Amino acid sequence: MSFEYSLHWVDTPEELQAAHDALITADVVALDTEFFRESSFFPVPALLQLTAGDVVYLIDPQAVAVSEAFQQLLSGGPLKLIHACSEDLDVLSLWAGVTLAPLVDTQVAESFLGTDAAMGYRRLVAQRCNVDLPKEETRSNWLDRPLTPAQLDYAALDVVFLPAIWEQQRQALIQLGREDWLAEECAALSLGRDEAAHEQWYTRHRQLWRLTPRQVEAYRELTLWREAEVRRRDVPRGWLVKDNLLFAIAEAMPQNRYELAAIDGMTSGLIKREGDALLALVKTAHHRDESDLGEPLPVPTTSAFKRRLKALKQVVQARAEALGVAPERLANRAEMEALVGAHLSQAPLPLPSGWRGEQLSAPWQQALAEQATA
């Protein structure tokens with residue numbers, strides 16, 4: 001198996017067009033990105049790597065703007081291969097302004113073929129191609145110019161193995177009859193990030209159940225404000241205010257700066273900069289009509305909750321073992337907790353759809369029904 005390649009640096013519109021012309025007729029194009037995100041909310045695109053054969057095109061997104069033709073290549077045309085694509089999709093969206101499609105994430109593909117739900121690229125290359133990749137440039141500053149020969153090779157190696165890996169995966173998926181499962185997962189990835197996902201950020205907190213409905217509303221208001229501000233200011237979430245401090249504010253429901261200052265972790269600088277905004281958000285939650293607040297959240301420490309959650313986990317474990325995949329490929333804890341909460345509240349069950357629904361919906365419903373009569 002040969003993996004020889006040459007590099008082609010792209011930093012002009014003419015070179016970008018040449019790369020487009022070389023890639024557009026391919027069946028598959030392997031793709032990766034490098035970016036900088038240490039001091040910003042949005043990733044700063046630093047490098048795009050693409051190959052459809054023995055030439056790796058290294059596009060400098062700081063030097064060349066995306067063209068309409070290249071947008072069409074990314075949003076249609078050949079199948080695009082990426083490994084662990086979530087951050088790459090953000091980078092491509094910022095540079096190209098399009099949704100990547102059609103898409104195969106080789107990490108997801110591999111998860112349908114074994115018990116590792118999130119195999120890293122380096123280990124996948126070692127396993128599938130018997131090549132030990134270098135890792136010296138992992139923490140490189142990819143915004144530096146010119147890039148060193150070592151950086152250029154490191155970047156190229158992130159894509160040159162993907163076509164061979166995908167061909168092995170594709171054949172194995174066909175034999176197992178799981179190519180439709182992968183297509184379903186990757187189609188969802190191609191849709192991009194949910195633009196309204198920031199509105200549900202507050203639901204991620206593992207201790208949300210400890211709050212009263214009014215405190216939950218305060219935490220929701222605080223996270224909504226933070227999500228809007230970090231995007232407007234383009235700073236990391238933790239640079240503005242961390243989740244645990246927003247949670248503590250919601251728990252304390254302070255009504256003035258003195259009460260705000262008494263919260264553990266609060267600093268005088270944060271009070272000076274954001275104190276008025278934080279207090280105003282808490283005040284909004286204070287005055288929210290009772291009828292607009294949610295119901296108290298189920299308590300996950302009760303025996304009824306624990307029994308149901310255990311029963312759902314047992315279903316997932318059994319199905320995962322039967323399929324030869326990691327349990328995380330089928331369902332995560334948050335999904336199961338939401339299902340238990342709905343069952344205890346006698347609300348509609350948020351059952352999975354698609355291939356997951358085929359594997360889990362009926363046995364999950366049966367397990368919950370058995371627990372209800374236990």
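Rule-based calculations on the coordinates, nothing more; no lab input. Since the structure is predicted, the reported quantities are computational estimates derived from the model, not experimental observations. As a convention, Cβ positions derive from the backbone with ideal geometry for all residues, glycine included, and neighbour counts pool all protein chains shown.
General observations
- Applying 1/(1 + (r/R0)^6) with R0 = 51 Å to the Cβ-Cβ distance of K306 and L143 gives a FRET efficiency near 0.55.
- Each Lys or Arg adds one and each Asp or Glu takes one away; over the other residues whose Cβ falls under 15 Å from the Cβ of A338, this sums to +3.
- A protection proxy built from the mean count of other Cβ atoms within 10 Å ranks the segments 261-270, 111-120, most packed first, as 111-120, 261-270.
- Here is how the number arises for the chain: DSSP H runs of 4 or more residues each give -39500 (n - 2.57), the sum is divided by the residue count, and the result at 222 nm is -16500 deg cm²/dmol.
- Per-residue Karplus couplings for the stretch 96-101, computed as 6.51 cos²θ - 1.76 cosθ + 1.60 with θ equal to phi - 60°, are listed in order as 9, x, 9, 9, 6, 6 Hz, Gly and Pro entered as x.
- Neighbourhood net charge (9 Å Cβ-Cβ; Lys/Arg +1, Asp/Glu -1) for A150: -3
- Beta bridges assigned by DSSP with both partners in the chain are antiparallel in approximately 50 percent of cases.
- Directionally averaged projected area (convex hull, Cα atoms, the stretch 140-181), nm²: 4.2 nm²
- Positive minus negative residues near V91 (Lys, Arg vs Asp, Glu; Cβ under 11 Å): -4
- Share of alpha-carbon pairs per 10 Å distance bin for the chain, given as whole %: 5, 19, 24, 24, 19, 9, 1, 0
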